[in-house]
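Each remark here refers to the structure printed beneath this line.
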Amino acid sequence: MRDLSAFINSSEMLKDLTGHVFKPCVVILGSFNSGKSTLINSLLGLNISPVGIVPTTSRLIYFDYGSSFRASVYNLHKKEVFLQPEQLYSFLARDVSGGRTEIQVPSPILKKCRLVDTPGIDSPDTDLSKISEQAVKKADKIIYLFHQRGIEESSRLFLLKLAS
């Protein structure tokens with residue numbers, strides 16, 4: 001996390017020098033149930049990303065700063081807007097259709113960076129695995145979480161793929 005703080009601080013210095021706002025995109029990756037959504041909820045100080053015993057994140061969830069809570073959920077050709085975190089949390093906890101969610105929330109960390117919650121890289125659903133790979137392409141920084149039991153084969157293979 002120290003490296004992430006240094007990265008965010010350097011982007012702040014760049015903004016001060018150039019006047020141009022650059023907010024790095026920080027993507028949280030890992031196996032399912034490794035704590036990705038829990039980490040994001042903790043960083044934001046809100047319970048927005050669903051957590052549970054079974055895999056619960058089935059889409060990319062983008063977090064950016066906004067003066068008030070607003071979430072847009074995109075599924076195929078449909079868009080739903082939520083103005084209350086509880087309604088969104090309930091929707092995300094039961095909806096497994098993929099798509100993408102963009103959330104604006106007044107959290108101080110989001111003034112300095114954007115966060116992305118991802119599905120587990122070891123999902124048996126190959127579409128969900130590809131979603132995480134897509135998120136990596138847009139990442140300025142990656143935080144990779146491992147299970148407490150150590151590096152499992154799916155993480156090892158995913159990280160080797162990222163390295164190449």
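The values are calculated or read from the model by the stated rules, or taken from the named source; none is laboratory data. Here the structure is a predicted model, which means the values were calculated and not measured. All Cβ positions, glycine included, derive from the backbone under ideal geometry; neighbour counts span all protein chains shown. Note: areas computed on protein heavy atoms with side chains; ligands, DNA, RNA excluded. Shrake-Rupley method; radii C 1.70, N 1.55, O 1.52, S 1.80 Å.
Give the residue list of GluC sites (Glu not before Pro) in the range 119-155 that are DSSP loop and have at most 16 other beta-carbon atoms within 10 angstrom.
Numbers: sites: 133, 152, 153; in loops: 152.
Answer in residue order: 152.
Classify the range 29-80: rounded, prolate or oblate, from the alpha-carbon gyration tensor (a ≥ b ≥ c, eigenvalue square roots; a/c under 1.5 rounded; otherwise prolate if a/b is larger than b/c)? Don't skip to the answer; put the middle values down first.
Values: a/c = 2.35, a/b = 1.22, b/c = 1.92.
Because a/c hits 1.5 or more and a/b fails to exceed b/c, the range 29-80 counts as oblate.
For the pair residue 22 and residue 78, what calculated FRET efficiency results from E = 1/(1 + (r/R0)^6), where r is the Cβ-Cβ distance and R0 = 22 Å, to the nearest 0.05? Could the numbers behind the result be given before it?
Details: r = 32 Å, r/R0 = 1.46.
So, using R0 = 22 Å, E works out to roughly 0.10.
When only the heavy atoms of the protein chains count and the probe is 1.4 Å, how do 38, 57 rank by accessible area, highest first?
On the way: 38 80, 57 20 Å².
Largest accessible area first, the list is 38, 57.
Counting only residues 5 or more places away or on other chains, whose amide H sits under 5 Å from the amide H of residue 30 once H atoms are built in the peptide plane?
Amide H neighbours of residue 30: 121, 145.
The range 65-164: which chymotrypsin sites (Phe, Trp or Tyr not before Pro) are DSSP loop and have at most 11 other beta-carbon atoms within 10 angstrom? Can you show the working numbers first?
Working: sites: 65, 69, 74, 82, 89, 91, 144, 146, 158; in loops: 69, 146.
Of the chymotrypsin sites (Phe, Trp or Tyr not before Pro), not one in the loops of the range 65-164 has a Cβ with at most 11 other Cβ atoms within 10 Å.
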